[in-house]
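Below you'll find the structure, written out as structure tokens, and then a few comments.
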Amino acid sequence: MDSPLLTRPCWAEIDLAALAHNLRLLRRVAGSAALAAVVKGDAYGHSLALCAPAARRAGADWLAVTSVDEARAAATGDPVSDSRILVLSGPFSGDGESVARHGFACSVWQRNQLEEIQRGAQAAGRDALPVPLELDTGMSRQGVAPAELDSFLHSLRSFPALRVEGVMTHLYAADEGDRAATVQQLERLAGALRVIVEHLRAAGQPAPLWLSVGNSAAIFDAAVRDRLAALAASHTMRLLLRPGIALYGVAPRIEPPLPAPTEAAGLRPVLAWKTRITSLRSIPAGAAIGYNATFRAAEPMRLALIAAGYADGLSRRLSNVGHALVAGHRAPFVGRVSMDQAVVDVSQIPAVSLAPGAEVVLLGSQGGQRVTADDHAQWAGTIPWEIFTSIASRVPRIAVD
Ligand SMILES: *Cc1c(COP(=O)(O)O)cnc(C)c1O
């Protein structure tokens, strides 16, 4: 981010070479399937403006976003690209015309969405506008339920401007190594695909071109990946996989773990979150640290104040939990994390490397040490997705490669 006026030292470095590496690794794993780089949520907090063009340059066939608002943002600045944009959460009221004019592939599963897109197609003078049909194969979040599929397909006939271009669903437990939920979802998907293909044939319409299913966890599970590929091939559809977290360098955690290690071990973290030491102080035994004295020194300590707090997205749950890196050593958080500041214990770190202005790593590596989004997630009781997307917008994202 180009923000020369910002001097407060709390920033995130976005390694676009690592992003490109991860995409190439995913491409190898995906085989002949196409890839939609998931860049919703401001590219998982990594900056859509930086990551969308980088993902395209690295060969993403599609970009996937959550809304038409995000799709427009992803479409700017790259008019020459032939990668397409997939909108995952359906059209909202007023989105139809953008969908039609830009040719966004916006998933649909209910009548008001069909009406919205049909209106947009008419306003834009488009006929045969391609739309992906979303199926609910067990998550109960969005999509046409199996029991309603027939009547939904019939209702499509009153929307002559729309063509079913692809079919989508979402696996809700691809990180569960026993695969029981996923196998059931794939059976429902297989049944629904037969109904859709048969219905379109009877209506004299072309068969759907692609089948989009498979998040990061599914992609790295060869058994699931192979079943998805076979399912798509059985209807001569192209499989379109949708990696998100893996693109940003986090290997999905599969529980119980798969028997063999996966290619996910080769992913590289894209984001490093850094700050600097503001000041240093020594405190005597018995001194309190931070709000409500949740930490009291048992012996004399050396403390460093850092310029990052919960308003930057450093979870308040890291109070007295976890550590940052200072001079290549672990520096535990002590006392409560404040809004704009936190305190770390640097008693064990050689004094020569401690000074105001010294770099502190919140997420990333320094010396031989590394702090990952998984570490933060465990300390804060959440998942890496939320760690990344919680990093506040006031923290500038700076491209490095
Ligand atoms: C977010 C999302 C993905 C990507 O999931 P990851 O686990 O981050 O790879 C894929 N598909 C849909 C529908 C999503 O919402």
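For Glu165 and Arg302, the difference between the fully extended length at 0.36 nm per residue and the C-alpha to C-alpha distance is 43.1 nm.
For the residues Lys274, Lys40, a 1.4 Å probe over the protein chains yields an accessible-area ranking, largest first, of Lys40, Lys274. The magnitude of the dipole of the range 235-377, with charges of +1 and -1 set on the Cβ of Lys/Arg and Asp/Glu and taken from the Cα centre, is near 140 debye. Ordering Val213, Ala18, Ala288 by Cα displacement along the dipole of the chain toward the positive end leaves Ala288 in first place; charges were set at the Cβ atoms of Lys, Arg (+1) and Asp, Glu (-1). About its Cα centre, the chain has a charge dipole of approximately 500 debye under the convention of +1 per Lys or Arg Cβ and -1 per Asp or Glu Cβ, with nothing else charged.
Among His323, His154, the sequence by solvent-accessible area, most first, with a 1.4 Å probe is His154, His323. Helices of the chain meeting both criteria, an alpha-carbon length of 27 angstrom or more along the long axis and an average Kyte-Doolittle score not below -0.5, with helices taken as full DSSP H segments, are 180-202. For the range 31-260, what does the alpha-carbon gyration tensor say about shape, rounded, prolate or oblate, given a ≥ b ≥ c as the root eigenvalues, a/c under 1.5 as rounded, and a/b over b/c as prolate? Note, shape of the range 31-260 comes out oblate. Excluding ligands, DNA and RNA, the accessible surface per residue across the chain is 44 Å² with a 1.4 Å probe.
Taking Cα centre as origin and charging only the Cβ of basic (Lys, Arg, +1) and acidic (Asp, Glu, -1) residues, the dipole magnitude of the range 31-260 rounds to 400 debye. Here the accessible area is traced with a 1.4 Å probe on the protein chains. For the chain, carbon and sulfur cover 51 percent of it. Translational diffusion coefficient of the range 271-400 (Stokes-Einstein, Kirkwood radius from Cα pairs, 4 °C, 1.567 mPa s): 88 µm²/s. Reducing the range 48-112 and the range 251-273 to their Cα centroids gives an inter-centroid distance of 27 Å.
The values are calculated or read from the model by the stated rules, or taken from the named source; none is laboratory data. The shown structure was predicted, so the numbers you read here are calculated from the model rather than taken from an experiment. Glycine gets a Cβ as well: all are built from the backbone with ideal geometry, and neighbour counts include every protein chain shown. For accessibility, only protein heavy atoms count, side chains too; no ligands or nucleic acids. Shrake-Rupley method; radii C 1.70, N 1.55, O 1.52, S 1.80 Å.
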